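Everything below concerns the one structure shown next.
The values are calculated or read from the model by the stated rules, or taken from the named source; none is laboratory data. Source: prediction; values computed, not measured. Counting neighbours? That spans all protein chains shown, and the Cβs are built from the backbone with ideal geometry, glycine included. Ligands, DNA and RNA are stripped out before the accessible areas are found, and what is left, the full protein with its side chains, is counted by its heavy atoms. Shrake-Rupley method; radii C 1.70, N 1.55, O 1.52, S 1.80 Å.
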Amino acid sequence: MKKFIVSIFLVLLVAGVSGCMSQQPTKEEKKTSESAMLSYLDKKYDQNFSAINYIPAKRGFNDSMNLNILVAKSEDGLLVNVRERLSKPGKFFDDYRNAVASKSLKDKINYGSIENLHLAKTYITLTPEVDLDTLKNGVSSVAKDDVIMVHSIVSISGDADEKTLKELYDVYQQLQSLGYEDTGLIAAFSGDEAKAEKYVNNFFLYGTQPWEEYDKSVKRVLKVNENGLSYEEFKSQLK
């Protein structure tokens with residue numbers, strides 16, 4: 001009887017795995033989805049985008065909220081992520097406005113004083129009410145209430161020593177001086193350089209996951225989301 005139950009269980013398990021495998025998108029389906037996303041961007045923003053990477057959603061049980069994602073590049077070099085929920089095929093949404101706004105912040109933070117800097121970028125997330133016309137003059141024309149969050153994302157190629165932490169505290173103070181209510185600084189020390197480049201260059205995609213989970217080889221991570229911290233309070237956020 002026990003052998004019979006085990007046999008039935010194995011049959012059901014194999015059937016379940018086969019069912020999940022059969023749901024995975026074919027190459028043709030991936031190509032069609034990627035083409036539709038690229039066309040969506042071209043038409044919406046009246047320029048030519050190039051596909052960088054297509055990431056199909058994981059298929060299987062309870063997958064309706066999973067996302068197909070296309071990473072694309074605009075004519076002026078901005079990385080844009082287009083997303084499509086499996087439960088809403090053909091309905092796309094993207095982060096191009098945030099990419100445009102973030103570009104205008106490029107020179108607002110000086111990361112040059114960090115001696116062991118690997119890579120750093122500043123990102124801003126806006127409310128849906130902000131349109132591209134408002135961004136023609138940069139984020140300075142955007143009302144503070146329409147800014148959800150401003151992030152400094154920093155990859156350090158060395159250890160979290162006192163000198164580097166003080167250099168990062170200077171960045172934190174620059175970030176605070178921009179005058180936004182919600183700001184955050186995330187800095188990772190050492191780790192995989194290729195993964196760090198992906199995380200920093202496309203925070204709107206990879207930043208949905210904690211850096212230390214995305215790259216388990218990072219030695220330490222500093223996350224600061226509070227305003228007005230002293231240096232001692234600031235460095236106590238290091239994990």
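Summary table below
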item	result
Relative contact order, percent, the chain [alpha-carbon distance under 8 Å, six or more residues apart]	12
Phi-based couplings in Hz for segment 63-79 (Karplus 6.51, -1.76, 1.60; Gly and Pro marked x)	9, 4, 8, 5, 10, 7, 10, 10, 8, 10, 10, 7, 4, 9, x, 7, 7
Environment charge of Pro25, counting only residues whose C-beta is closer than 15 Å and scoring Lys/Arg +1, Asp/Glu -1	+1
Entries of Lys27/Lys103; Lys31/Lys136; Lys44/Lys216; Lys91/Lys239; Lys106/Lys239; Lys58/Lys195 with Cα pairs more than 31 Å apart	Lys27/Lys103; Lys31/Lys136; Lys44/Lys216; Lys91/Lys239
Inter-label distance, nm, simple model (7 Å from Cα along the C-beta direction), Asp46/Glu212	4.8
Accessible area of segment 35-130 belonging to carbon and sulfur atoms, whole % at 1.4 Å probe	49
Overall dimensions of the chain by Cα: Rg and Dmax, Å	21.7, 75
Net lengthening on full extension, Ser87/Tyr231 (0.36 nm per residue, minus Cα-Cα)	47.2 nm
Three-way shape label, segment 66-152, alpha-carbon gyration tensor, a/c 1.5	oblate
Under 5 Å, built H, 5+ apart or other chain: amide partners of Ile52	Val71, Ala72, Lys73
Surface share of carbon and sulfur [accessible, 1.4 angstrom probe, percent] for segment 166-220	43
Mean residue ellipticity (222 nm) of the chain, computed from DSSP H runs ≥ 4 via -39,500 (n - 2.57), nearest 500	-11000 deg cm²/dmol
Neighbourhood net charge (12 Å Cβ-Cβ; Lys/Arg +1, Asp/Glu -1) for Lys144	-4
Lys30 paired with Lys136, simple spin-label distance in nm, labels 7 Å along Cα-to-beta-carbon	4.1
Three-way shape label, segment 127-215, alpha-carbon gyration tensor, a/c 1.5	oblate
Under-5 Å amide H pairs with Phe93, H placed in peptide plane, nonlocal only	Arg83
Amide H contacts under 5 Å for Arg220, placed H, 5+ residues apart	Phe189
Restricting segment 144-201 to GluC sites (Glu not before Pro) in coil, as DSSP defines it, with at most 10 other Cβ within 10 Å	none
Derived scalar couplings ³J(HN,Hα) [segment 41-56; Karplus, 6.51 cos²θ - 1.76 cosθ + 1.60; whole Hz; x for Gly, Pro]	5, 4, 6, 5, 10, 6, 7, 8, 9, 10, 6, 9, 7, 10, 10, x
Integer Hz, Karplus 6.51/-1.76/1.60 couplings in order for segment 155-171, x for Gly and Pro	10, 10, 8, x, 8, 8, 7, 4, 4, 5, 5, 5, 5, 5, 5, 4, 4
Size of electric dipole in the chain: Cβ of Lys, Arg +1 and of Asp, Glu -1, about Cα centre, debye, nearest 20	1180
